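S.K.: My questions all concern the structure below.
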Amino acid sequence: MYRLAAKRLLPALGRRNSHFLSSSSGVRALADFINPPRFTTSAASETVSSQNPLNNDSFASSSSTVRSEEERSRAHDETQRSRSPTRPKAHWQEEQARVLHASLRHVIRLGWTDAAMIAGARDVGMSPAIVGSFPRKEAALVEFFMDDCLQRLIEVIDTKEDLQNLIPSHRVAKLVRIRLEMQAPYISKWPQALSIQAQPLNIPTSFKQRAMLVDEIWHAADEEAADIDWYVKRTVLGGIYSTTELYMLTDTSPDFQDTWAFLDGRVRDAFDLKKTVQEVVIVGRFAY
């Protein structure tokens, strides 16, 4: 078909460009037009391959570069984690502590609730969504308060020199009163806190916190374990603390004066019992 078209065009071309056709270059050009040169498959493949930016060698090089970049990035991340494995967790715990501390200001109005924690989060400029990160929301707030009070009591023990001038029974009564006075601002909401502590999932932590409190008070009283069994002393003081705490909930006297009188009586009874036990032990030794 191309040859027929060339023959029809040849006369016109001859008339217009007779000087071109008469030259040898013109003859060769016309011959190439009529019978175009054939390209071999291998030559065409080499041409396409050389002009194709996505040839095998280039693609392999690009892939290896991407893989090496990913490997370097992964190695960098692992190095950073190995250098500071606890930093994200510590930072998260610090933010949670800030929210809980700010939430205590809202407990008197909102109780030991999610609402108080959300208000606390807003106070410190954090999203209320952080409240969802606490596994036991209300319990976390109550337990934070208990730990905070214990720390404050330890600071009182370390800094108050007048405690050293008191006899052990008065020292115990004084420390129990100082600790319970920390709950006085929240007294209207404290029954809710006690119910939260009594839930099955929260009992182990609540028991541990109260045991630590009792231990600190007994240590501050300079009581020796040899006087009476250590676990008996812990049980007795734990009972004094709990009964006084419950009495405080129903006390309507000014500044809880009836509560402190009740506390002094229970402590006095406990130390009288201690003396009675010691006397029984001494009598028993003489009897044998």
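S.K.: Does any residue of segment 209-219 turn out to be touching a helix residue (DSSP H, G or I) at 6+ places or on another chain (Cβ under 8 Å), surrounded by fewer than 16 Cβ atoms within 10 Å (Cβ to Cβ) and not charged (D, E, K, R)?
M.R.: Among the residues of segment 209-219, at least one is touching a helix residue (DSSP H, G or I) at 6+ places or on another chain (Cβ under 8 Å), surrounded by fewer than 16 Cβ atoms within 10 Å (Cβ to Cβ) and not charged (D, E, K, R), which makes the answer yes.
S.K.: Additional query: All but one of (1) more than 22 Å from T113 (Cα to Cα); (2) surrounded by 15 or more Cβ atoms within 10 Å (Cβ to Cβ); (3) under 33 Å from the mean Cα position of the chain (by Cα) hold for Y247, so report the exception by its number.
M.R.: Every listed condition holds for Y247 apart from (3).
S.K.: On to the next question. Could you tell me whether F207 is out of contact with any strand residue (DSSP E or B) (no Cβ under 8 Å at 6 or more places or on another chain), touching a residue at least 24 places away in the same chain (Cβ under 8 Å) and of a type in the set (F, W, Y)?
M.R.: no
S.K.: Still on this structure, please answer the following. Which is in contact with a His (Cβ under 8 Å, 6 or more places away or on another chain), at negative phi and not assigned by TED's automatic domain parsing to the domain that holds R98, of D162, D158, D148?
M.R.: Every option except D148 fails the conditions.
S.K.: So which pairs qualify, if the first residue must be in segment 160-189 and in contact (Cβ under 8 Å) with a residue 40 or more places away in the chain, the second must be hydroxyl-bearing (S, T, Y), the Cβ gap must be under 7 Å, and the two must be at least 6 apart or on different chains?
M.R.: V176/Y241; V176/T244; L180/T244
S.K.: Do we have G132 as in a helix (DSSP H, G or I) and within 26 Å of the chain's Cα centre (by Cα) here?
M.R.: yes
The values are calculated or read from the model by the stated rules, or taken from the named source; none is laboratory data. Just so it is clear, the structure is predicted and the values come from calculations on it, not from any experiment. With ideal geometry, Cβ positions are generated from the backbone for all residues, glycine too; neighbour counts draw on all protein chains shown.
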